[in-house]
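Have a look at the structure below, then the notes.
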Amino acid sequence: MFSTLQDRAGILDDPFAKIKAMEKHTRGRLNFTVDELATICRKAKGSFRYMIAIGLYTGARLSDVINLRWQDIRDDRIEIVPQKTSRRGKRVVLPIHPTLAALLSERRAQVTGDYVFPDEREAHAKDTSAIAKRFRDFLQACGITTTEAKTEKTQRQHAAVIKGFHSLRHSFVSMCAMNNVPQVAIQDLVGHGSPAMTALYSHANFDQKLDAIAGLPDTFAPTPAKNKRDDRAAVMRNQ
């Protein structure tokens, strides 16, 4: 603001120079623990069951999940332009985990029309925070703490949200890292790597990302499922 005043009004001294900025205390979303994920997947019903699966196995943001169309879904991948970075027009290609493929097949038999979640999309259009609030209510019903209380030290007006739908994105990245997925592949999958990092490393090819996603654990299974990574990847390569 002062730079504009300096140029247009010829002001030489910065009147804001000695004003000390208030220290900021920020807190991002946390990822879910293994036990929390097991509880979430076990208790999820209706649309949330499928929305959670997409968020967990692709790292997609809530707005992209809500606006997902059937035409975005191929046999082995989901292709979207994330709404948050839509001005750049960069298309993100997300391999489909075998568990997610089965759940999407279930969902396809439940709804008609162009969108995977038509009711949630309509509610989101009326109130962009509606679905996020419903999901936090669901988490609380699962016994999961979703907010961090205000303290005098943080100087916040309201309690900070520490766990919500976006936590599935954090969990996705954490699971990829634990599964030894290369950092460049993770950045490509979540679609928000820095330009400097993108320039230094080549993009991971689709087969590498397919292997990475197929190796993630099946948290929806009531008992530990057999790892289908090799079989799934082999089938996709032969198609």
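Coordinate-derived values only; no laboratory data. Being a predicted model, the structure only gives us computed values, none of them experimental. For neighbour counting, all protein chains shown are included, and Cβ atoms are generated from backbone atoms with ideal geometry for every residue, glycine included.
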Chain lengthening between V81 and R134 when straightened (0.36 nm per residue, less Cα-Cα): 16.6 nm
Residues R74 and Q6, FRET efficiency given R0 of 45 Å [Cβ-Cβ distance, rounded to 0.05]: 0.25
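Find the Rg to Rh ratio for the stretch 1-146, where Rh is the Kirkwood radius over alpha-carbon pairs and Rg uses the same atoms.
1.17
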May I ask for the net charge around S47, where only other residues with Cβ less than 11 Å from the Cβ of S47 are counted and Lys, Arg are +1 while Asp, Glu are -1? +3
For the pair K18 and S105, the simple spin-label estimate (label points 7 Å beyond Cα toward Cβ) gives in nm 7.3 nm
Using amide H atoms built 1.01 Å from N in the peptide plane, name the residues 5+ places from I78, or on other chains, whose amide H lies under 5 Å from its own. L94, I96
So the FRET efficiency between K45 and A159, C-beta based with R0 = 22 Å and rounded to 0.05, is 0.25
Exposure-ranked with fewest Cβ neighbours within 10 Å first, E79, E120 stand as E79, E120
Beyond 29 Å between alpha-carbons counts as too far, so tell me which of K84/K209; K45/K163; K43/K133; K43/K90; K45/K126 fall in that bin. K43/K90
